[in-house]
Every structure is written in C-alpha cells, then in structure tokens.
Amino acid sequence: MNPLTPLLTLLLLPIAAIGLLLYTDAGIEPALFYSTVKTFVVLFIIAGGLCYGASRLAERA
C-alpha cells in the first residue's frame, strides 16, 4: 500500500466535512459550491500527476 494513502484520507475527511456544510448551508449559492468542487478535483488530479511523476523520477535516480 502507498504510504501516502492514510495521509490522503486524513486530509480528505475535513475537506469533505466542510464541503458537506457548504452544501447544506442555505446562504451558499449552488453554483459556487459546484465550482469549488470542480476546482478541487482539478487540483487533486494535477497534484496526483506531479506526485506520480516525482516518484518515477526518484526510481530512476
């Protein structure tokens, strides 16, 4: 198992809780919530790609 998996889980729990609070809050515009989720997903994919690339480079060196 990847050693970063528990760390990722620990990081995603508070982010999910905050997202749930934003989603259930009546004062938050739904479009703002969805754009926040889309931005988080894009940044997560970019960070995952960078980590994967860095691990491949580390194996070569």
> Mind checking whether some residue in region 43-53 is more than 17 Å from the chain's Cα centre (by Cα), surrounded by 10 or more Cβ atoms within 10 Å (Cβ to Cβ) and not basic (Lys, Arg)?
Replying inline: yes
>> Restricting to region 1-29, give me the number of residues that are in contact with a helix residue (DSSP H, G or I) (Cβ under 8 Å, 6 or more places away or on another chain) and open to solvent by less than 100 Å² (accessible area, probe 1.4 Å).
In response: 5
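The values are calculated or read from the model by the stated rules, or taken from the named source; none is laboratory data. If you're wondering where the values come from, they're calculated on a predicted model, not measured in any experiment. Positions of Cβ are backbone-derived with ideal geometry, glycine not excepted, and every protein chain shown enters the neighbour counts. Please note that ligands, DNA and RNA were not included when accessible areas were found on the heavy atoms of the full protein model with its side chains. Shrake-Rupley method; radii C 1.70, N 1.55, O 1.52, S 1.80 Å.
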